[in-house]
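The values are calculated or read from the model by the stated rules, or taken from the named source; none is laboratory data. Bear in mind that the values here come from a model prediction, so they are computed numbers and not experimental data. Reconstructed Cβ throughout: ideal geometry from the backbone, glycine too, with neighbour counts over all protein chains shown.
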Amino acid sequence: MYNIIINNINDKYDYNELIKIFLKPAEYRLFTKNEYEEPQDDDDVVIEFNNEEFDDKNQIKRELYRGLSSITKSAPPWGILTGVRPVKLTRELFEKYGSREKVSDKLTDFYLLSEEKANLLMDIFEYQNEILGAADENSTGLYIGIPFCPTRCLYCSFTSNQQGNEEIEKYLDALIDEIEFAGEAMKHSGKYIESVYIGGGTPTTLNEKQLDLLLNTVEKAFDLSKVKEFTVEAGRPDTITAEKLKVISGHGIKRISINPQTMKDETLKIIGRSHSVDDIRNAFKTASDTDSFIINADIIAGLPGETPKDFESTLNEIISLNPSNITVHTLAVKKASRLIENDADYHYRQAETVKKMLLLSKKAMRDAGYRPYYLYRQKHMAGAMENVGYCKDDTPCIYNIRIMDENQSILSLGAGAISKKYYPKENRLERVPNVSNYQIYIERIQEMKERKNKKFFKEV
């Protein structure tokens, strides 16, 4: 057991997140100087940091990183960064230092990133800046959540429920109420909608009639004349039908997601998917027969039982299906997932395997003409790695970029949705959450509307 003491600090949280990249929670205890007592076990190893009384948090993190690297003989490529949005940091560094060379030095020397990760961040920022630029301060993203799925995946921590049509109808009634309220409030806000994203869960859990009603409601409630992008997550191949895609296409929507996660039937069963690889192939064919959709496909590196060869096979087949976007996720052991209940240390054991998989994906994406356009990280990711969205033919998802940059308000509707009000002069966000449980959302829909009216649509 390592007894880690960090002197001259009060808040241990940020440092703990960095330590957990190197050591399993069961392998160490973290103390401030005032908390520490002599070890009870003769095998305990005591390590002290911040003995020079550094008052800079990043300086302390660098000391921690170097010390733990020496102990564990590992050098995590993201250095001292533990946050979700490293591209946002890169944007801020470019605004401050102006040149790629100076930003690179800051990322590698100050934050201790590997050269490969630093270059990846700079490539993504420069591409985003080239094709999109900064958000207009009067623009808003619109998110609408459908918290239902056919089954719940092993790794999933999102709000997703397996419910019959009666419950879905009740939810839709409440959601439509919130949409109509928000649409009316938007008319008087001085803001316009840049992108619309209907996510979940799985929005195509709705039947054709319900889907059409939802989209009609959105069109009537909001002024969509300045919308650059409208996305519907079809997501689960077992919810995709020609009829549903015709409804989506009939509303002029050109972006959908079909999310295989893997092209291995055995793995699909392990993770709790109720569809086959053939269903995935059929979903892509149905989409191509319906319209010329811009399609995103999600895949996951590090799924249970999969080898780099399995992952490479998935990569190759997904590329052959020719989606415009491919998002390569690293499996994260999330707090509310079934996976963490069964195997809390899974992501530590998968670290090296995942690193090999991501190297394969980087090469495969480049060779197939895809460019990385957005990136984010999560806690408890295998190898402490990252999720990267790739696109070809300059078809990035605007909503994905904006929500990671955090320089635009996001109006979010539905159970579990979190609106974010952006204040450009202060460069800050204020979160306005809805309740996560869809049944409580239905019961408290009036409260959700009042909360938005007070905290999102009115200045605070």
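Remarks
- Here ASP394 fulfils each of the conditions (1) more than 15 Å from the chain's Cα centre (by Cα); (2) in a helix (DSSP H, G or I) apart from (2).
- Which listed residue, of GLU430, GLU447, GLU443, is in contact with a helix residue (DSSP H, G or I) (Cβ under 8 Å, 6 or more places away or on another chain) and modelled with pLDDT of 95 or more: GLU430
- Some residue of the range 417-426 being assigned to a loop (DSSP other than H, G, I, E, B), in contact (Cβ under 8 Å) with a residue 24 or more places away in the chain and under 20 Å from the mean Cα position of the chain (by Cα): yes
- Inside the range 248-292, residues that are touching a residue at least 24 places away in the same chain (Cβ under 8 Å), over 23 Å from THR395 (Cβ atoms), under 23 Å from the mean Cα position of the chain (by Cα) and not in a loop (DSSP other than H, G, I, E, B) make up a count of 2.
- The range 244-268, residues that are surrounded by fewer than 22 Cβ atoms within 10 Å (Cβ to Cβ), touching a strand residue (DSSP E or B) at 6+ places or on another chain (Cβ under 6 Å) and among the basic types (Lys, Arg): LYS254
- All of (1) without any contact (Cβ under 8 Å) to a residue 40 or more places away in the chain; (2) out of contact with any strand residue (DSSP E or B) (no Cβ under 6 Å at 6 or more places or on another chain); (3) not in a helix (DSSP H, G or I) hold for SER74 with one exception: (1).
- Residue ID - farthest from THR395 (Cα to Cα), chosen from residues in the range 327-341 that are among the hydrophobic types (A, V, I, L, M, F, W, C) and either part of a helix (DSSP H, G or I) or at pLDDT 85 or above (or both): ILE340
- Scanning the range 402-432 for residues that are surrounded by fewer than 16 Cβ atoms within 10 Å (Cβ to Cβ) and either within 15 Å of ILE146 (Cα to Cα) or aromatic (Phe, Trp, Tyr) (or both) returns ILE418, TYR423.
- Scanning the range 74-105 for residues that are over 24 Å from the mean Cα position of the chain (by Cα), over 14 Å from ILE21 (Cβ atoms) and surrounded by fewer than 17 Cβ atoms within 10 Å (Cβ to Cβ) returns GLU95, LYS96, TYR97, GLY98, SER99, ARG100, GLU101, LYS102, ASP105.
- Among the numbered conditions (1) outside any loop (DSSP other than H, G, I, E, B); (2) touching a helix residue (DSSP H, G or I) at 6+ places or on another chain (Cβ under 7 Å); (3) under 25 Å from ALA118 (Cβ atoms), the only one that ARG62 does not meet is (2).
- Given (1) under 22 Å from LEU411 (Cβ atoms); (2) modelled with pLDDT of 95 or more, index of the condition SER189 fails: (2)
- Residue in the range 197-206 that is assigned to a loop (DSSP other than H, G, I, E, B), touching a helix residue (DSSP H, G or I) at 6+ places or on another chain (Cβ under 7 Å) and aliphatic (A, V, I, L, M) present: yes
- Hits in the range 358-383 - residues which are at pLDDT 95 or above and under 19 Å from the mean Cα position of the chain (by Cα): LEU358, SER361, LYS362, ARG371, PRO372, TYR373, TYR374, LEU375, TYR376, ARG377
- Boolean, ASN216 is on the phi < 0 side of the Ramachandran plot, modelled with pLDDT under 95 and surrounded by fewer than 16 Cβ atoms within 10 Å (Cβ to Cβ): no
- Looking only at residues of the range 326-385 that are among the aromatic types (Phe, Trp, Tyr) and within 20 Å of GLU116 (Cβ to Cβ), we find that the one that is surrounded by the fewest Cβ atoms within 10 Å (Cβ to Cβ) is TYR376.
- Restricting the first member to the range 342-367 and to residues that are part of a helix (DSSP H, G or I), and the second to residues that are aromatic (Phe, Trp, Tyr), the beta-carbon pairs closer than 8 Å and six or more apart or on different chains are MET357/PHE311; LEU360/PHE311; SER361/PHE311; MET365/TYR390.
- Residue, farthest from TYR346 (Cα to Cα), within the range 1-56, restricted to residues that are part of a loop (DSSP other than H, G, I, E, B) and aromatic (Phe, Trp, Tyr): PHE54
- Any hit, the range 165-182, residues being under 29 Å from PRO396 (Cβ atoms) and touching a Pro at 6+ places or on another chain (Cβ under 8 Å): no
- In the set GLU184, GLU194, only one residue is surrounded by fewer than 18 Cβ atoms within 10 Å (Cβ to Cβ) and in contact (Cβ under 8 Å) with a residue 12 or more places away in the chain; that residue is GLU184.
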